[in-house]
Amino acid sequence: MNLDFSDDQKFLQSEARKFLEKEGSINRSRKVLEEKHNTDQDLWNKIVELGWTGIRIPEEYDGLGLGYLELCVVAEELGRFLAPVPFSSSVYLFTEAIIKYANEDVKKEILPKLVSGEIVGTLAVTEDLFAPTISNIKTTSENNIVNGKKIAVADAEIATHSIVVSNSSSGICLRLVDHSSDTVSIEHQDTIDESRGHFSIEYKNSPSILIGDESNGWEFYENLLNQAAVLFSFEQIGGSQASLDMATSYAKERYAFGRQIGSFQAIKHKLADMYVAITLAKSNTYYAAWALSTESSDLSVASATARVSSTKAYQLCSKENIQTHGGNGFTWEYDCHLYYKRSKLLSVNIGSLPNWKEKLVSSLEKSNTY
């Protein structure tokens, strides 16, 4: 079992880091917040040109035909630099649903356009303030028509299509809806991190295409969540490490009472706690990446473990980064609050921490691990 990345994958990660640093991704995120744009279209266009949107798409559909590990290393860098783009919505969730469950005609139509950036996708699931379950999905789909309202849909404004988790006479199913239809209305919703906009979508007799079959939609959705949890965990690891790096740098440069604040035991302990949390999360996330790339039966346990540990790490690191910066950490001028906001958003983006703890316990029970 190899839980490390290859030289080629590390090179890809290094190049992704150089690109995002050169493009000033963190400053772009700040600008998006200040100008209330919800995404950075210019950065997104450049990411599309680099081919990142086609990392997992087979070459026959104009993609790069690479694997999950390549996607993981890119995800970590996007998290490190707070990229204000719809990458997770369109690539981790929408694209994967098309690759895994769509028929050949839909793949030929949609996948090349995802690579070129002509199509941007998102996944529409949540309908109320509770975690989605089979019983509380009220959006309906009959005769290829979708009706209902979804809330907290990430990047819906920039998305050209959505995959809707809906209820049919045969059960829960996934439906592909084109947003260019006048039967789809989108409304902005306030969130803690407006650099990754969230919206409500109302479908009124919206034409749709079935993805997969009408009876296994919930199983498909849960499989997508397990996959996406690993990728979100890498984003959280990237943000956690950036928070630690910021705190460490500041602790070395800031003086109080004639000494570097990093020499004080209280600051040392904060940095040590951050490091330990990241190391634990990394070990779990790397194992989850291995499970994902090898299609291991341990994926459900591994993804939930990675999600729980990386969420905790990011929440701790982004908070302690603010505390390490003292009064400066609470100001708009410093970047601490950008990571804190992103950590809070990612902690609920595909289900809250309590939800994933429950998933972890359930997965362990099913696998008879304990």
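Points to keep in mind about this one:
- Considering only residues in the stretch 34-77 that are within 23 Å of Ser240 (Cα to Cα) and assigned to a loop (DSSP other than H, G, I, E, B), the one that is modelled with the lowest pLDDT turns out to be Asn38.
- For Asp128, the test of being surrounded by 24 or more Cβ atoms within 10 Å (Cβ to Cβ), among the charged types (D, E, K, R) and not assigned by TED's automatic domain parsing to the domain that holds Leu33 is failed.
- Considered as a group, the residues in the stretch 84-125 that are assigned to a strand (DSSP E or B) and among the small types (Gly, Ala, Ser) include one that is surrounded by the fewest Cβ atoms within 10 Å (Cβ to Cβ), and that residue is Gly121.
- Exactly one residue out of Ala242, Ala272, Ala256 is modelled with pLDDT of 95 or more, touching a helix residue (DSSP H, G or I) at 6+ places or on another chain (Cβ under 9 Å) and aliphatic (A, V, I, L, M): that is Ala242.
- Members of the stretch 138-158 found to be in a loop (DSSP other than H, G, I, E, B) and surrounded by 24 or more Cβ atoms within 10 Å (Cβ to Cβ), listed by number: Asp155, Ala156
- Taken over the stretch 1-33, residues that are assigned to a loop (DSSP other than H, G, I, E, B) and of a type in the set (A, V, I, L, M, F, W, C) amount to 3.
- Scanning the stretch 319-369 for residues being without any contact (Cβ under 8 Å) to a residue 60 or more places away in the chain, within 16 Å of Leu33 (Cα to Cα) and of a type in the set (Asp, Glu) gives a total of 1.
- Checking each residue in the stretch 174-197 for being crowded, with 19+ Cβ neighbours inside 10 Å and modelled with pLDDT of 95 or more picks out Leu174, Arg175, Leu176, Val177, His179, Val184.
- Of all residues in the stretch 159-169 being of a type in the set (Ser, Thr, Tyr), touching a helix residue (DSSP H, G or I) at 6+ places or on another chain (Cβ under 9 Å) and surrounded by fewer than 23 Cβ atoms within 10 Å (Cβ to Cβ), the one that is nearest to Phe87 (Cα to Cα): Thr160
- Apart from one condition, Asp182 fits all of (1) touching a helix residue (DSSP H, G or I) at 6+ places or on another chain (Cβ under 9 Å); (2) at negative phi; the exception is (1).
- Applying the criterion of at least 3 residues that are under 22 Å from Ala272 (Cα atoms) and small (Gly, Ala, Ser) to the helices (runs of 4 or more DSSP H) found wholly in the stretch 285-370 leaves 299-324.
- Pair list, Cβ < 7 Å and 6+ apart or interchain, from the stretch 57-78 residues that are assigned by TED's automatic domain parsing to the domain that holds Ser89 and closer than 10 Å to Phe234 by Cβ to residues that are charged (D, E, K, R) and not in a loop (DSSP other than H, G, I, E, B): Ala75/Glu235; Glu76/Glu235; Glu77/Arg17; Leu78/Glu235
- Condition check for Glu333: among the acidic types (Asp, Glu) and either exposed (fewer than 14 other Cβ atoms within 10 Å of the Cβ) or in the same structural domain as Tyr68 (by TED's automatic domain parsing) (or both): yes
- Checking Ile278, Ile267 one by one, the residue that is in a helix (DSSP H, G or I), at pLDDT below 95, of a type outside the set (S, T, N, Q) and surrounded by 19 or more Cβ atoms within 10 Å (Cβ to Cβ) is Ile267 and no other.
- Candidates Ala124, Ala152, filtered to the one that is over 21 Å from Ile99 (Cα atoms), aliphatic (A, V, I, L, M) and touching a Ser or Thr at 6+ places or on another chain (Cβ under 8 Å): Ala152
- The residues of the stretch 350-362 that are crowded, with 20+ Cβ neighbours inside 10 Å and closer than 30 Å to Asn27 by Cβ amount to a single one, Ile350.
The values are calculated or read from the model by the stated rules, or taken from the named source; none is laboratory data. The structure presented is a predicted model; accordingly, all values stated were derived computationally and were not measured. Note that we place each Cβ from the backbone using ideal geometry, even for glycine, and neighbour counts take in every protein chain shown.
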